[in-house]
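The structure appears right after this line, and notes come after that.
The values are calculated or read from the model by the stated rules, or taken from the named source; none is laboratory data. All values reported here derive from a predicted model rather than from experimental measurement. Neighbour counts run over all protein chains shown; Cβ positions are idealised from the backbone, glycine included. Quick note on the areas: whole protein, heavy atoms, side chains included, nothing else; ligands and nucleic acids left out. Shrake-Rupley method; radii C 1.70, N 1.55, O 1.52, S 1.80 Å.
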Amino acid sequence: MKAAGKALVGVAGLAASSQLTSGAVSSAAQAPPHPTPSSPPGHGTPPAEKLRIATCQFPVSGTPAENGKYIREFIRQAADAGAHLLHTSEACLSGYAGTDFPSFKGYDWDTLRRETTGLRESAKDSNLWLVLGSAHFLDAQTKPTNCLYLIDSEGKIADRYDKCFCTVGDQKHYSVGQRLVTRDLRGVRFGLAICYDICWPQLYIAYREKGATLMIHSFHNARSKGKNCLDTLNVHQVPTRCADNRMWAVCNNSSQPYSHWGSFIARPDATIPKQLAINSPGMLIHDFPDGLSEGGWFHNFKPMQKRDDEIMIWGTPIQHPRQADGQAEP
């Protein structure tokens, strides 16, 4: 936690900065083909208020109590910085099965529930919304879901997103989600997504068609032996999805070494205005509705529509009442 505290020093200054890291994607040099509107068509009048989002990264482990310490500290820091919502990474409370711990066999669900309850109370005390990466228990015979709990400022579970596109490794440990989740907060409609979802363009299209202008996307691309294609993939793929759909995104990651990239913001002009360093705890803050980079523009004037028969899950779906209920208790 001392490391986390050091990493968070100066976070208010970070919120005001717009420095690009080496992973940033630059806008093209030529002029746009014709004048670009200040906001995407159909997005309506920008709200008078801003939605301030804090997104954080820390070395996620297989121990919920240790993970909870980091998250509580980030809740405090986010509230002090005037954030309305804190965004955490994939499976950051439960740990990521198959990576942070071998499997859910003998998993301590009671401790996970206690930690979840404590974080809900912390969010309530701080008057803060919380997007909490975890695992959602279904029953003793059914694999849990890889989920994001959307916890409101009263500490209630407003909704839950279960990862819809699950890798082959995910499917060994998790059940596949089947529904998208959006929410309006301070005039901004956002959608929730998890990691491998980014590899399926139809997910961002579907969220755009639901009216989302911002994606809150949690990842776990960490605890690796060294560099691989993931160092490049997400810092290019996310801005491309945003450019294709005229959307913004907040993306974070576990910082457990080796982490392939640091948490970042992406804009629809394909730029990354802010990004954290890899392998180190930290938090960045960004306000929405956002603009574009200086000299940036929208590239896509007719975004692709989702096919009616498009697949929206990867894996074998199940029918379970605790999965269908987005407000089910952990």
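Over the chain, what percent of the accessible surface lies on carbon and sulfur atoms, probe 1.4 Å? So the carbon and sulfur contribution to the accessible surface is 51 percent.
Nearest 500 deg cm²/dmol is fine: what mean residue ellipticity at 222 nm does the chain get from its DSSP H runs of n ≥ 4 alone, each adding -39,500 (n - 2.57), divided by its residue count?
The helix contribution divided over the chain gives -7000 deg cm²/dmol.
Tilt of helix 230-245 relative to the longest C-alpha principal axis of the chain, in degrees (0 to 90, nearest 10)? Roughly 60 degrees between the two axes.
Spin-label model, R114 to F301: label points 7 Å out along the Cα-to-beta-carbon direction sit 6.1 nm apart. Projecting the Cα positions of L192, A222, P289 onto the charge dipole of the chain (unit charges on Cβ atoms of Lys, Arg, Asp and Glu, taken about the Cα centre) puts A222 furthest along the positive direction. All alpha carbon pair distances within the chain were sorted into 10 Å bins beginning at 0; the resulting P(r) in whole percents reads 6, 28, 37, 23, 5, 1, 0.
For the chain, the dipole from Cβ point charges (+1 on Lys and Arg, -1 on Asp and Glu) about the Cα centre works out to 300 debye, to the nearest 20.
In Å³ and rounded to a whole number, note down the convex hull volume per residue for the Cα atoms of the stretch 184-265.
Dividing the Cα hull volume of the stretch 184-265 by its residue count gives 79 Å³.
With 10 Å bins beginning at zero, the pair-distance distribution over Cα atoms of the stretch 60-173 amounts to 15, 49, 29, 8, 0 %. In the chain, a dipole from Cβ-located charges (positive for Lys and Arg, negative for Asp and Glu) runs towards its positive end, and of I157, T232, I53 it is T232 whose Cα lies farthest in that direction. One quarter of the surface of the convex hull around the alpha-carbon atoms of the stretch 265-330 equals 9.2 nm², the direction-averaged projected area.
Of all DSSP beta bridges confined to the stretch 174-272, the antiparallel ones make up roughly 40%.
Other residues within the sphere of radius under 11 Å centred on the Cβ of N221, judged by their own Cβ, net out at -1 (K and R +1, D and E -1). P(r) for the stretch 149-207, from all Cα pairs and a bin width of 10 Å, is 21, 47, 27, 5 %, short bins first. Which longest uninterrupted range of the chain lacks any GluC sites (Glu not before Pro) assigned by DSSP to a loop state (not H, G, I, E or B) and surrounded by at most 11 other Cβ atoms within 10 Å? Looking at the chain, 1-153 is the longest stretch - no exposed GluC sites (Glu not before Pro) with at most 11 other Cβ atoms within 10 Å. Of the beta bridges in the chain, as assigned by DSSP with both residues counted there, near 60 percent are antiparallel. Here the stretch 59-115 is described by how far its Cα atoms reach on the three principal axes: 40, 21, 15 Å, from widest to narrowest.
With the chain treated as a Gaussian network of Cα nodes joined by springs under 10 Å, which of I313, I265, I216 yields the largest mean-square fluctuation? Of I313, I265, I216, the most mobile in the Gaussian network model is I313.
Sorted on the mean count of surrounding Cβ atoms within 10 Å across their residues, most packed first, peptides 319-325, 58-64 read 58-64, 319-325.
Relative to the Cα centre, the charge distribution of the stretch 198-315, modelled as +1 at Lys and Arg Cβ and -1 at Asp and Glu Cβ, gives a dipole magnitude of about 240 debye. Using a probe of 1.4 angstrom and keeping all protein chains present, the accessible surface of the chain works out to 42 square angstrom per residue.
With 25 Å as the cut-off, how large is the P(r) tail for the stretch 212-330, expressed as percent of Cα-Cα pairs? Within the stretch 212-330, distances greater than 25 Å cover 39 percent of Cα pairs. Less than 5 angstrom separates the built amide H of R183 from those of F190, all sequence-distant by 5 or more or on a different chain. Among the listed pairs K172/K274; K50/K156; K69/K156, a Cα-Cα separation exceeding 30 Å is found for K172/K274.
Each other residue within a Cβ distance under 9 Å of S122 adds +1 if Lys or Arg and -1 if Asp or Glu, for a net charge of +2.
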